[in-house]
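The values are calculated or read from the model by the stated rules, or taken from the named source; none is laboratory data. Only a predicted model underlies this, so the values are computations on that prediction, with no experimental measurement involved. Because the Cβ atoms are built from the backbone with ideal geometry, glycine has one as well, and the counts that use them run over all protein chains shown. Heavy atoms of the whole protein, side chains included, go into the accessibility calculation; ligands, DNA and RNA do not. Shrake-Rupley method; radii C 1.70, N 1.55, O 1.52, S 1.80 Å.
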Amino acid sequence: MDFRIGQGYDVHALAEGLPMWLGGVRIPSETGFVAHSDGDVALHALCDALLGALAIGDIGHLFPDTDDRWKGVDSKELLAAVLARPEFEGWQVVNADITIALQAPKLAPHIAEMRRTIAGIMGVGVDRVSVKATTTERLGFVGRKEGCEVWAIVLIERK
């Protein structure tokens, strides 16, 4: 059996009047993420974890913010494009574990939908996708509601 583990991390600043996308789900909020794409920091971290598992770079190299093709792109499309890369031929996702640090809004009502959305894109059962949310107890830039950070870990195996 051949397994690979990948870890991803991403962070985005928050600003008023922008949409907030997390885990492929639109979250009702007065603030959203400052980004070249839709700013879905959870899917960005997940993409980096998947790319890291096969040591094929990161989303900044694949989808640079200097390329207008990616301006405003739906990050669900980025995740699908990562999984469609030829390097993923013969590999399957075993599981993904995502931790979102965000002071507000509360994410608990949206986690089930995030899990379903991510599982659908990755072609796995929802029981193989974990999404957890936490605050930083008002500490740091996350606690001051200036931004969000996300960690993602994936396990993949050769089919």
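Each Lys or Arg adds one and each Asp or Glu subtracts one; over the other residues with Cβ under 11 Å from the Cβ of Leu18, this totals -3. A Gaussian network model of the chain, with springs between Cα atoms under 10 Å, assigns the largest mean-square fluctuation among Pro64, Pro86, Pro28 to Pro86. About its Cα centre, region 1-131 has a charge dipole of approximately 340 debye under the convention of +1 per Lys or Arg Cβ and -1 per Asp or Glu Cβ, with nothing else charged.
Taking Cα atoms only, the orientation of helix 111-122 departs from the longest principal axis of the chain by about 30 degrees. Here Arg158 and Lys71 are evaluated by their C-beta separation; at R0 = 41 Å the FRET efficiency comes out at 0.70. Each other residue within a Cβ distance under 10 Å of Ala55 adds +1 if Lys or Arg and -1 if Asp or Glu, for a net charge of 0. For Gly24, the amide hydrogen comes within under 5 Å of the amide hydrogens of Leu43, counting only partners 5 or more places away or on other chains and with H modelled in the peptide plane. The residues of region 52-133 present an accessible area of 52 Å² per residue when probed at 1.4 Å with all protein chains retained. Measuring r between the beta carbons of Ile5 and Asp127 and using R0 = 22 Å, the FRET efficiency lands at 0.70. For the pair Arg85 and Leu54 in one chain, pulling the backbone fully straight at 0.36 nm per residue adds 10.1 nm over the alpha carbon distance.
Measuring nothing but protein heavy atoms, the accessible surface of the chain at 1.4 Å probe radius is 52 percent carbon and sulfur.
Let me confirm the definition first: pairs of Lys residues in region 19-154, 8 or more apart or on different chains, C-alpha distance under 19 Å. How many are there?
Numbers: Lys76/Lys132; Lys106/Lys132; Lys106/Lys145; Lys132/Lys145.
Lysine pairs, 8 or more places apart or on different chains, close enough: 4.
Between 0 and 90 degrees, rounded to the nearest ten: what's the tilt of helix 41-53 against the longest Cα principal axis of the chain? It works out to around 30 degrees. Once the other residues with Cβ under 13 Å from the Cβ of Ile100 are scored (Lys, Arg +1; Asp, Glu -1), what is the net sum? Cβ neighbours under 13 Å give a net charge of -1.
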